[in-house]
Every structure is written in C-alpha cells, then in structure tokens.
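The values are calculated or read from the model by the stated rules, or taken from the named source; none is laboratory data. Here the structure is a predicted model, which means the values were calculated and not measured. Here Cβ is always computed from backbone atoms with ideal geometry, including for glycine, and neighbour counts include all displayed protein chains. Remember, those area values only see protein heavy atoms, side chains included, never the ligands or the DNA or RNA. Shrake-Rupley method; radii C 1.70, N 1.55, O 1.52, S 1.80 Å.
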Amino acid sequence: MYNPQAFAVDDLPQLHRMIGDCRLAVLVTQGEQGLQASHLPLLLDTHQGPHGTLYGHMARANRQWHDLQAGAEALVIFAGADAYVSPAFYPGKAEHGKVVPTWNYLAVHAYGRAEVFDDAQRLRDLVGALTDRHEAGRAQPWKIEDAPAQYLDSMLKAIVGFALPIQRLEGKRKLSQNRSPADATGVRDGLAHSLDPQDQALARLMPERSPKE
C-alpha cells in the first residue's frame, strides 16, 4: 500500500495489536479464477514465525482455498478505525482556505503463502479457538461442545482450514501526523465531538500535539 514514512508502523508488537483489534479480515488471492476476496475472522499466533502466523477457515464450496493450495501469494487486509476529515476541522480554513477533505484510518497488510488442511481435529481446535475469542465477555459463552457431536462433525466437513505464516507486514496509522499541531488538534476535537461512534473512536487514537512541534 502507499505508505509515507510519517504514517508507517514498523513496530511488530504494535502491528500485532492492530491485527488483534480487527475482528474481520479480507483475504485476497490471484489464481485461476482471477482475483478473489473473502471476509474472514482470523486468529494470530504471534509465536510462530518471525512475523507470526494467521489461522482461519472458509467454506469448502469457496473455491478460493484452491488458490491457497496451489501456492498463490495471499494478501490479508486488516482495516482498523477510520473517519472522514472535514476541511472545517482545520484552523487554516478560516485563515487562507487552502484545505481539502481527507480520510484518517488504520490498516495492516499481511502477505504470505498458506498451508491448507482439512484434518477434523485440527479444524475443531481452530473453530473452538475462534469461538472462544469472540464469545469471551458474554455472560454465558457458547462452546462448540454445546452443539450435537454429529452435527458438528458434518459442519467441519464443510470447511477447509489454512495456516498462513506472515512473510511481510505493512502497517499504517494515518492520524494527521503530516498536519501542523493546530490542524491535528482541530481534527481530533472535531472527531471527538461527532455523534458518530466511529469518529469518536478514531479521535481517541490521535495523540495530543504540542504547539511547539
């Protein structure tokens, strides 16, 4: 992705946190069927490989897994918080008017080649781990053991799992770092006072800037 140095994230633990904050990723491959993309919840094992390993599954009927099996390079996109930045947020609008709209956002791109598997126990462990992650915090978390064994077995036969060791990571935090402290403060305050929860979430990620910068 286009990633000016002012926005680039190189710290591996921070990249891993950004991945963990994204509940639904986009897996993109190029293969015999052309470009394909699937929206998938994934797990990250930070201890496997130099950049970590991603685990997920998709429907067996989704032919994208054939791209993975054939060794195609995969791009996994993790989109974080985002917000439209109005020119009205900049103090410069009143001074000289030389301002235009933009967008602030967080994103991580992970690249690698995956191993595909359909071993029943391995799939069961993966589905169980994904379930536990997203059921955490509920008063009565659902467990895969709550489903009838025969039904669960039939569901596992309908999916294919994959492990994707990350070969390359790119992270971006575009939070008005390229603007003056006054402009950055105007953006943060403007988003913080928005009625949109996504705008407010983005504002909380923006650090305070000193006027002396």
- Scanning the range 50-93 for residues that are in a helix (DSSP H, G or I) and farther than 16 Å from Leu35 by Cβ, the one nearest to the chain's Cα centre (by Cα) turns out to be Gln69
- Task: Pull up the range 118-147, narrow it to residues that are among the small types (Gly, Ala, Ser) and under 13 Å from Tyr55 (Cα atoms), then point me to the one that is most open to solvent (accessible area, probe 1.4 Å).
- Result: Ala129
- Does Thr46 qualify as being closer than 16 Å to Arg168 by Cα, in contact with a strand residue (DSSP E or B) (Cβ under 8 Å, 6 or more places away or on another chain) and either open to solvent by less than 40 Å² (accessible area, probe 1.4 Å) or of a type outside the set (D, E, K, R) (or both)? no
- Item | Residues satisfying the stated conditions in the range 12-43, i.e. open to solvent by 70 Å² or more (accessible area, probe 1.4 Å) and over 16 Å from the mean Cα position of the chain (by Cα) | Gln30, Glu32, Gln33, Leu35
- Selection from the range 76-115 of residues that are open to solvent by 40 Å² or more (accessible area, probe 1.4 Å) and either under 30 Å from Pro50 (Cα atoms) or of a type in the set (Lys, Arg) (or both): Ile77, Ala79, Asp82, Lys93, Lys98, Tyr105, Arg113, Glu115
- State yes or no: is Arg179 part of a loop (DSSP other than H, G, I, E, B), of a type outside the set (S, T, N, Q) and in contact (Cβ under 8 Å) with a residue 60 or more places away in the chain? yes
